[in-house]
Amino acid sequence: MLERTGVPTPDHVKSATPSEQRLKQGGVAIIECFQEIPCNPCSKICPRDAILPMEDINEKPRIDFDKCNGCAICVSGCPGLAIFVVDGSYSEEEALVKLPWEFIPVPKKGDVVKTLNRAGEEIGKGRVVNVQDSKIFDRTRIIHLAVPHDQMMEVRSIDRRSING
Amino acid sequence: MINTQIAIVGGGPAGLVAALTAAELGAKVVLIEQDSALGGQLVKQTHMFFGSEKQYAGKRGVDIGLMLVDKVMKDENIEVLLDATAMGYYPDGVLGVNQLEKFIKIKPEKLVVATGASEKTIAFPNNDLPGVYGAGAVQTLMNVSGVKPGNKVLMVGAGNIGLIVSYQLMQAGVEVVAIVEGSPNIGGYLVHASKVRRMGVPILTSHTIVEALGETEVTGAVIAKMDENWNIIEGSETTYEVDTICLAVGLSPLTELVSQSGAKITYIGELSGYIPIHNEELETTVDNVYVAGDIAGVEEASSAMVEGKLAGAKAALDLGIKQETAKRIINEAHEELAQLRNGPVGERIREGIRKLGEVR
C-alpha cells in the first residue's frame with residue numbers, strides 16, 4: 001500500500017479517475033496526490049480554474065473534470081510531480097499520456113521508449129509525440145506519449161535506459 | 001567592536017529572511033555566516049518547494065536561495081560577514097566571531113540564532129568506511145560541486161531528505177538500488193515516494209542496514225527486514241553491490257551557541273531533540289536572544305523562512321522600530337506557520353510545540 005511502498009493503490013487511482021465518457025472526450029488532468037500536505041500551487045496555476053481553490057493549503061486537490069481541457073500547465077507546476085494528463089480521444093488505436101520529466105536524456109519526438117507503471121515496472125512501449133518545454137515550465141519538461149488505450153491509466157514513467165541519448 | 005541593532009547567526013533560509021524582514025523595517029543588521037557563501041541548505045535544493053505562494057511554493061529551493069541572497073547583498077541595512085563563525089555570546093551582550101582566524105567583537109541589541117541542524121548518523125559495522133555519506137554531503141557534492149558521489153547507492157531513510165536526495169542522485173545519473181526505512185511507513189511526502197518508485201527504485205519499509213561491506217571502501221551493503229519490535233528477522237538479509245551508502249536518518253538542532261549563551265535547553269522528540277526553550281514569538285530564556293528555523297525544531301525550509309520573518313519582525317518590534325508594521329508582519333507569520341502545520345503531516349510539530357508550551 002501507498003504508505004509502505006510509494007505505489008498508489010487501485011482505489012487511489014480510481015478516486016482520481018474521471019468517467020469513461022470524460023476520458024473519451026479529450027485531455028484531462030489526473031491528480032495523483034493522495035495525502036494531505038501543505039501545498040497549493042496546483043490550485044493557483046490552473047488557467048481555467050478547474051483545480052478548485054483550497055480553503056486550507058493542506059487539503060487534497062479537487063478538480064472539475066468538465067472545466068479541465070488537459071492543457072498540462074499543472075503537470076509542470078505541481079511540486080510533487082503528481083499530476084498527469086491523459087487523452088483518450090487521441091486516436092482509434094492510441095491514447096495520450098502527458099507526464100513530467102526532469103531527467104537526462106530527454107526523449108525526442110518520434111522516439112519509441114519503454115513505459116513504466118507506478119511501481120516502476122516495464123509494461124510496454126510508448127511513442128514520443130511531443131516534448132513541451134518553455135521558460136514557464138522551469139525545467140520540468142512534459143513528455144507526450146502515445147500508448148495503447150488500455151494503458152493510459154497505467155503508464156506513469158519512462159525507462160531512462162530505453163531513451164537514445 | 002561592531003555595534004549593531006540586530007546580529008543574526010546563520011545565513012540559511014531562516015537567517016536570510018530574518019535579516020531581510022528586520023532590514024526592511026529599518027533595523028541595522030549584521031548577518032554572520034560560517035560558510036563562504038550565503039544560502040545554507042537552500043543552495044542544494046533543486047526541487048520545487050511545497051507550501052503556498054507566501055513561501056514561494058512551486059519555485060525551486062536553489063532559486064529561492066539565490067533570490068533571497070541577492071536581496072540581502074543589495075540591502076544597505078545588512079552587513080554580511082562570510083567565513084565567520086560565532087564563537088560565544090556573553091553576559092555583557094558581546095558576540096565573539098572568528099572570521100578567518102581574526103577575532104571580531106559584535107555588540108548587537110538583539111541576537112537571532114538561526115544555526116540550523118546537523119545530520120544524525122546510525123550505528124552499523126563498517127559505517128566508517130569511505131563511501132558512507134550523510135545525505136547533506138551527497139547533495140553538496142552533486143548539486144554544489146558537480147561531483148558524482150558514486151555510481152550505485154543504497155539510501156537509508158525514507159523521510160523527505162532520503163526521498164529527494166534519491167531523486168536527485170538519479171537526476172545526476174547515479175543508480176539508486178533501494179531506499180530502506182526502519183519505520184513501517186514512509187516518513188516523507190508520498191508524492192516524493194511515488195516519483196522515485198515509478199522510476200523503479202524499491203522503497204523497503206520495516207528494513208534496516210545491517211552492515212557495510214568492504215575493506216578499504218564500500219563495496220556493498222547488507223540490509224534486513226525488521227519485525228514490529230524493530231528486531232531483525234533472521235534469514236531476511238539481502239546484499240546489494242554498491243559503492244555508496246547514503247544516510248538520511250534525521251537532523252539534530254545545532255544548539256551549541258544558544259546553549260553557551262545560557263539559554264535553557266529541553267528535549268522534545270517531536271521537534272527532533274534538544275532545542276532551546278522558546279515562546280511563540282521565538283524568544284529564548286536569555287534576554288534579547290531569539291531563535292528561528294531548524295534550531296527551534298526541525299521542519300521544512302518553508303517553515304524556517306516564516307520563522308525567520310517572525311524572529312526578524314519580533315526583534316525589530318522589541319527595538320521599538322515601526323511597531324504597527326512589525327506587529328502586522330508577526331501576525332502574518334503566525335498565520336502562515338499555522339497553515340503550514342495545520343494538516344496531518346504537521347501533527348508531530350503541533351504536538352512538539354504543545355509539549356514545549358508545558359515546559360515553558
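List of remarks:
- Answer residue from the range B:291-345, given it is part of a loop (DSSP other than H, G, I, E, B) and under 13 Å from the mean Cα position of the chain (by Cα) and is surrounded by the most Cβ atoms within 10 Å (Cβ to Cβ) among those: B:Ala292
- Any hit, the range B:48-70, residues being away from chain A (no Cβ under 14 Å), among the hydroxyl-bearing types (Ser, Thr, Tyr) and either touching a Ser or Thr at 6+ places or on another chain (Cβ under 7 Å) or in contact (Cβ under 8 Å) with a residue 40 or more places away in the chain (or both): no
- Pick from the range A:36-89, criterion basic (Lys, Arg) and part of a loop (DSSP other than H, G, I, E, B), ranking: farthest from the other protein chains (Cβ to nearest Cβ): A:Lys67
- Count of residues meeting criterion [basic (Lys, Arg) and farther than 24 Å from B:Leu317 by Cβ] in the range B:1-57: 1
- Residues (more than 8 Å from every other protein chain (Cβ to nearest Cβ), touching a residue at least 40 places away in the same chain (Cβ under 8 Å) and part of a strand (DSSP E or B)) located in the range B:174-207: B:Val177, B:Ala178, B:Val180
- Flag for A:Glu92 being without any contact (Cβ under 8 Å) to a residue 40 or more places away in the chain, within 14 Å of the chain's Cα centre (by Cα) and either farther than 15 Å from A:Leu145 by Cα or surrounded by fewer than 17 Cβ atoms within 10 Å (Cβ to Cβ) (or both): no
- If only residues of the range B:208-223 that are assigned to a strand (DSSP E or B) and among the aliphatic types (A, V, I, L, M) are counted, the one that is nearest to the other protein chains (Cβ to nearest Cβ) is B:Ile223.
- Selected residue (only one of A:Arg139, A:Arg127 is closer than 27 Å to B:Val177 by Cβ and basic (Lys, Arg)): A:Arg139
- Pairs, first farther than 22 Å from B:Gly159 by Cβ and free of Cβ contacts under 8 Å to residues at least 40 places away in the same chain in the range B:287-314, second among the basic types (Lys, Arg) and not in a helix (DSSP H, G or I), C-beta under 9 Å, six or more apart: B:Lys314/B:Lys110
- Residue list for the range A:62-76, restricted to those being in contact with a Cys (Cβ under 9 Å, 6 or more places away or on another chain), buried (at least 23 other Cβ atoms within 10 Å of the Cβ) and not hydrophobic (A, V, I, L, M, F, W, C): none
- The range B:224-243: number of residues that are within 14 Å of chain A (Cβ to nearest Cβ) and not in a strand (DSSP E or B): 1
- Within the range A:98-113, the set of residues being more than 13 Å from chain B (Cβ to nearest Cβ), in contact with a His (Cβ under 9 Å, 6 or more places away or on another chain) and surrounded by 19 or more Cβ atoms within 10 Å (Cβ to Cβ) comprises just one member, A:Lys98.
- Residues satisfying the stated conditions in the range A:124-154, i.e. in a loop (DSSP other than H, G, I, E, B) and farther than 23 Å from B:His47 by Cβ: A:Met152, A:Met153, A:Glu154
- Condition met for B:Leu247 (modelled with pLDDT of 95 or more, crowded, with 17+ Cβ neighbours inside 10 Å, within 12 Å of B:Asn127 (Cα to Cα) and more than 28 Å from the chain's Cα centre (by Cα)): no
- Search result, residues across the range B:244-258 that are outside any strand (DSSP E or B), touching a Pro at 6+ places or on another chain (Cβ under 8 Å) and either of a type in the set (A, V, I, L, M, F, W, C) or within 24 Å of B:Thr216 (Cβ to Cβ) (or both): B:Val258
- Here A:Leu116 clears all of (1) touching a His at 6+ places or on another chain (Cβ under 8 Å); (2) closer than 24 Å to B:Ala178 by Cβ; (3) among the hydrophobic types (A, V, I, L, M, F, W, C) except the condition numbered (1).
The values are calculated or read from the model by the stated rules, or taken from the named source; none is laboratory data. Just so it is clear, the model here is predicted, and its values are computed rather than measured. Because the Cβ atoms are built from the backbone with ideal geometry, glycine has one as well, and the counts that use them run over all protein chains shown.
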